[in-house]
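Student: One structure, as structure tokens, below. Some questions next.
Every number here is computed from the coordinates shown, using simple stated rules; none is lab data. The structure displayed is predicted, hence computed values, not measured ones. Every residue, glycine as well, gets a Cβ built from its backbone with ideal geometry; the counts of neighbours run over all protein chains shown.
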Amino acid sequence: MPVTTDQPAPYAPASAIMDLIDRHRKKGLPPVVDADVLQRAGISDSLIPRTLQALKTLDLLDADGRPSEILEGIRLAPTSEYETRLAEWLKAAYADALSFVDPATDSEVAFRDAFRKYTPTGQQPRMVSLFIGLFTAAGVIPPRQRQAANRAPVSGAPSKTLKAKSPQRMAMNVVAEVRSPGASSQHRHPGAGHIPPAIAGLMATLPTDTGCWTKLRKDKFIAALGAVLDYTFTIEAEPAAPQDTGTGPS
């Protein structure tokens, strides 16, 4: 059944829907998908009712909870055709909304406006999130990084420009944290000894628990470390190398 204003629209998390699709492609689902199946699949109890409703409204399950022909077609689709099959399914399921909005080019504000007549009204933001998540999975909506560039500002809302913290600002934050009342470099970094507090505080942020970190976090740490070293120590000129007079022992 297509999503229309005549009935409650789906508003489950897109991740829950895509997880079920992925599970069906890899392992298959039972002949009947009910609350117990969703619970065993890892869906939290609070999300089970809306997930079941979404699966049926989006024609992935029939009224009895059996996987539909659409879901079977997605399961059998080769990897090269997977996104195309998802897009075909979504264009049919959201045909009503797609008569007012183009997910490939429009902004999230336009998506929000397209869902204003759907019920339940209080769940419209979740409807939009589901719409965006599914069409992104299908490759129709560009990644969020590019989509954000097309996002229209909300009328009357002040615009805020987010600026990345410079390494110098990060270093000052570390110093301020270490020098704050109650902060102790020895407590945060046992055995630090004579290591300056700012450096000891920065070292305490190393991922000692898991031994793992992302490349972005590593790059930020290295940049901050350089700034902290410059803040802590004075850089002296290199001593002049002794000149070779050309004379040697006879």
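Student: So how do 22-32, 92-102 stack up, highest first, on mean other-Cβ count within 10 Å?
Tutor: Top of the packing list down: 92-102, 22-32.
Student: Residue farthest toward the positive end of the dipole of the range 14-150, with Cβ of Lys/Arg at +1 and Asp/Glu at -1: which of 33, 97, 136?
Tutor: After comparing all options, I get 136.
Student: Show me, for the range 41-53, the HN-Hα J-couplings you get by feeding each phi into the Karplus relation (A = 6.51, B = -1.76, C = 1.60, θ = phi - 60°), rounded to Hz, glycine and proline as x.
Tutor: My calculation for the range 41-53 gives 7, x, 6, 5, 4, 5, 9, 4, x, 6, 6, 4, 4 Hz in order.
Student: While we're on this one: Starting from the Kirkwood radius over alpha-carbon pairs of the range 14-150, derive D by Stokes-Einstein at 25 °C in a medium of 0.890 mPa s and give it in µm² s⁻¹.
Tutor: Values: Rh = 15.6 Å.
This corresponds to a translational diffusion coefficient of 157 µm²/s.
Student: Something else now. Around residue 61, which amide H atoms from residues at least 5 apart in sequence, or from another chain, sit under 5 Å from its own amide H, with H modelled in the peptide plane?
Tutor: Those lying under 5 Å, H to H, from residue 61 are 56, 68.
Student: Can you give the local net charge around residue 115? Use residues other than it whose beta-carbon is closer than 15 angstrom to its beta-carbon, Lys and Arg +1, Asp and Glu -1.
Tutor: Once all neighbours under 15 Å are counted, the net charge is -2.
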